[in-house]
Each structure stands twice: as C-alpha cells, then as structure tokens.
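Student: Starting off with a structure, shown below.
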Amino acid sequence: MAASATMARGGLRSNHGRVLVASSRADYRANLIGKLSAESAFTAEAAGGADALMKLESGGFQTLFLDREIDDLDADELAGMIQSRYPELNVVMTDAQAGRGASEAAEAAQLSLELSGAVDCAPVKTAVDAEEWSVDEETELPRAAAQIEALPGMIGTSRTMEQIYRLARLVAPRDTTVLIVGSTGTGKELVARGIHELSRRSRGPFVVVNCAAIPESLLEAELFGFTRGAFTGAVQSRLGRIHAAHGGTLFLDEVGELPLSMQAKLLRFVQEGEVQRLGSADLFRVDTRVIAATNADLLQRVREKQFREDLYYRLAVFPLELPPLEAREEDILPLARHFLASFCRENGAPVKSIHPEAVAMLKRHKWPGNVRELQHSIERAFVLADGNIQIRPEDLMMPSKVA
C-alpha cells in the first residue's frame, strides 16, 4: 500500500472530512489552515489543549493537528487521552517552534488523510518528520476511564460534567491559569477548590476574592496590600489577598467586574508574579496560582472596551465552561438527594426521601438559579416537611406553572 502527499497551488487538497488545528500560536494556526484546501473539508482551530478537547467533544472531526508546544497542557499526555477517547481520529503532531511547521505538517496530514480514506484500516498517527506516532499498551499515558471521578465536593455524572472533571484533573497538577465561565449558581467556586485540592498547592491557602463585592476605592488595597500612612485610615501596614495566597491559589470570583483601573495592575501581577503595595516602591515576588471565574461574556466586554484584551488572554489560558443545571437533567435528582441527606444529618433528623411526584416536579423545573437554587429549594422543603419522612410536592413550593 502506498500513498503520497499532494499539494495544489492553492494549498492542500483534502476531501476527507473535518480538520481541527490546535496550537497556542495564532499565526501558526492561520498559516497551516491556509495550506489546507477547503474543497470539501471543514477546518476549525483551537487555541490550546483545553479548547481542542472541548471542540472534539462535539464530534465529527477526522484529523487533529496538535502543536507539541501548546501552552496549557503537555502535548504527549493530551495526545494519549485523545487517542484513547477518539480511536478513529488521525492525530498529526506538529512543531510550531521548529521552523519546519505548516508546510511539512500539511504534507503529513494529506498522507494521513489519504491513507485513512483509501483503505479500511486503523487511522495513521504521523508527525512532521513523517515518523509514525502511536500509543501502544506500554505507553504510560492517561486513558479515558468508563466514568471520570468527580472533583472533591462535587456531585454529578452527566456527560457534560464528566468533561469538566476530566479537564480539571488534567490541569490541576500544573500552575496553568484557569478561567471558569458559567451562570450564577453553577458551582464555579467548587470547581476552583477542586482544582486547588488536586494540585501540588493543596497544602497552601485558597484565598477567595469576590471582585464585585469590594468597593473600587478599597479593591487595590485589598488585593495588593498597603503600607502605614498610604491613605487616610492606614494606621498600620498590611499584606494584600494576593500575598496571602503565596504558595497556594488565588480565586478571583466575578473577575469581569474589575474596574479598568485595576485590570492593568492585575495584568502585571499575572505576567510577572510581582506585587507592589500601596505607598511603597518595593516589589515582592509572589508564588501564587490564579484561577478566575465570571458569569459575564468577557470577549463581549473586550469588544466594548470594558475589559482589557491582554488580561483576558492571560486569564483564559485554560478555559472551563460550566453547563447550566437545565442542561444536565440526570444530575438533578442525585444533587437533590445529596442536599436533603446533608440537611437531615446537620439537623439530626431521620433520613427523608423524595416523593415520585416531587421528583417529577424537580425534573420539570428549568432552574434559572442552577445548583444554588436547587439547594435552597431542598432546604426549604426540608423545613416544610417537618416530621414527615418524605418530601411531598407541596413542600417544594415550586412556581404554579411547574406544580
């Protein structure tokens, strides 16, 4: 069997399905995509390993070009996970830093595509130097388990949450900056704590800063600290929250609410790991991992000039998007039972169950407040049930259109 890579004047001819190009370098992605002819193939791009995993989850891709120098994950570990989870996918390892880049990667890709399209055989995994890349039984790379273990303190076995667990466990051992996006009440802080607890920083502090809850006039002092006399009322020096997170994790909740004046100062810290207290010219080196969270569309705020683009890309090295509870219906009942058992245990009450009609009501509700709304609803139902051993429909006090 033989196949050759063929290049057309306008680029690479490809009639073999959808292609995903994953690299942290935008110029490299654009160059490689430009060499792939769009005669019949759909070409998409991913800005890193996490982005690639999320796009592959949608299915339909036949070939992945994976840059060995992606910023957020180890490329070999990622390739092993992808090989295990998507065994029919052609994985082409490329090297944006080697100078051989897009042209040779494109040729290798065409060879891989032609081989997989010409014969009925296992997909070919090939690298830019035309050597075959494979994962055999001896390779010590992670394999996708039948079910991914939930993060510490989290409940849910839906496919969307398993993807979150998988990505979080993948990034946890590293110091990669993580941006968690999701509606209010989806559990962004729980995910951040889970990543911290699974990291090498787990014995260090986990410091939470709610950027929306601190007045703008006090935010800089809270984050960076201050020296005595730096402003009226500063009777003694104080370290900021960033410094307090040294050796651990700083969780910036509602980071989209940061005023522009603070964004430049935060950018310097994220880039350089340096903190300058108010009233002092001294710079302190701080070893702190940053995890940020927001329920806002930060890219839209970037377009509206309300959020710095450079800060966005510094924070969104590894993005995680949490689904609303409505999109994970199979998790509603396990969560409800977990909350109910917790309330019973905390109050020394006998274990209660949930009436089938109440279960149906829980599943019909849209849960605009997500997991937090569900928790509050179960707590209210626990109180209303009083001495009864079962949560009844009337105890839930759901909106009339649901009841």
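Just so you know, all these numbers are worked out from the coordinates, no wet-lab data involved. Quantities reported herein were computed from a predicted structural model and do not represent experimental measurements. No Cβ is skipped: glycine too gets one built from the backbone with ideal geometry, and neighbour counts run over all protein chains shown.
Student: From the phi angles alone, apply the Karplus equation (6.51, -1.76, 1.60; θ = phi - 60°) to the stretch 336-353 and give each ³J(HN,Hα) in whole Hz, x where the residue is Gly or Pro.
Tutor: 4, 5, 5, 5, 4, 4, 5, 5, 4, 5, 5, 9, x, 9, x, 5, 9, 10
Student: May I ask for the net charge around F206, where only other residues with Cβ less than 11 Å from the Cβ of F206 are counted and Lys, Arg are +1 while Asp, Glu are -1? All intermediate terms of the calculation are to be shown ahead of the outcome.
Tutor: Details: positive: R193, R201, R203, R289; negative: E189, E197.
Charge balance in the 11 Å sphere: +2.
Student: Let me ask something else. Which whole-Hz couplings ³J(HN,Hα) result when phi for each residue of the stretch 208-221 is put into the Karplus expression 6.51 cos²θ - 1.76 cosθ + 1.60, θ = phi - 60°, listed in order with x for Gly and Pro?
Tutor: Here the 3J(HN,Hα) series is 9, 10, 8, 5, 8, 9, 9, x, 4, 5, 9, 5, 4, 5 Hz.
Student: Counting only residues 5 or more places away or on other chains, whose amide H sits under 5 Å from the amide H of V91 once H atoms are built in the peptide plane?
Tutor: Close amide H contacts, sequence-distant or interchain: L64, T126.
Student: For Q236 and A26 in the same chain, what is the full-extension length gain: residue separation times 0.36 nm, less their Cα-Cα distance, in nm?
Tutor: Contour length minus the Cα-Cα distance gives 70.9 nm.
Student: When Lys and Arg each count +1 and Asp and Glu each count -1, what net charge do the other residues less than 9 Å away from D67, Cβ to Cβ, add up to? Don't skip to the answer; put the middle values down first.
Tutor: Numbers: positive: R25, R29, R68; negative: E69, D95.
Its environment carries a net charge of +1.
Student: Which GluC sites (Glu not before Pro) from the stretch 281-345 combine a DSSP loop assignment with at most 16 other Cβ atoms within 10 Å?
Tutor: Answer in residue order: E304.
Student: Here's something else I'd like to know. Taking the beta-carbon count within 10 Å as an exposure proxy, list L374, L384 from fewest neighbours to most.
Tutor: Ordered from fewest to most neighbouring Cβ atoms within 10 Å, L374, L384 come out as L384, L374.
Student: Shifting gears a bit: Which entries of K305/K366; K188/K352; K35/K305; K55/K363; K188/K363 show an alpha-carbon separation above 25 angstrom in the structure shown?
Tutor: K305/K366; K188/K352; K35/K305; K55/K363, as the Cα separations exceed 25 Å there.
Student: Arrange T176, T160 by Cβ neighbour counts within 10 Å, fewest through most, would you?
Tutor: Arranged by neighbour count, lowest to highest, T176, T160 become T160, T176.
Student: Through the Karplus equation 6.51 cos²θ - 1.76 cosθ + 1.60, θ set to phi - 60°, convert the phi angles of the stretch 256-266 into ³J(HN,Hα) values in whole Hz; use x for Gly and Pro.
Tutor: x, 8, 4, x, 4, 4, 8, 5, 5, 5, 5
Student: When a footprinting reagent is the concern and you count Cβ atoms within 10 Å, what order do C211, C344 take, fewest first?
Tutor: Ordered by Cβ neighbours within 10 Å, fewest first: C344, C211.
Student: Treat the stretch 326-396 as a sphere of radius equal to its Kirkwood radius over Cα pairs and apply Stokes-Einstein at 25 °C in a medium of 0.890 mPa s; give the translational diffusion coefficient in µm²/s, rounded to a whole number.
Tutor: On the way: Rh = 12.0 Å.
D, rounded to a whole number, is 205 µm²/s.
Student: Counting Lys and Arg as +1 and Asp and Glu as -1, what is the net charge of the other residues whose Cβ lies under 12 Å from the Cβ of A44?
Tutor: After counting each charged neighbour, the total is +1.
Student: Would you grab the residues whose amide H sits under 5 Å from the one on R68? Only those 5+ places off in sequence or on another chain, please, with H modelled 1.01 Å from N.
Tutor: It is T94, D95, A96, by chain and number.
Student: Quick one: putting +1 on the C-beta of Lys and Arg, -1 on the C-beta of Asp and Glu, what dipole do you get for the stretch 246-315 around its Cα centre, in Debye to the nearest 20?
Tutor: 140
Student: Oh, and also: Work out, step by step, the length gained on full extension between R345 and L333: first 0.36 nm times the residue separation, then minus their alpha carbon distance; give nm to one decimal. Before the final figure, lay out each step's value.
Tutor: Working: separation 12, 0.36 × 12 = 4.32 nm, distance 1.82 nm.
Using 0.36 nm per residue and subtracting the Cα-Cα distance, I get 2.5 nm.
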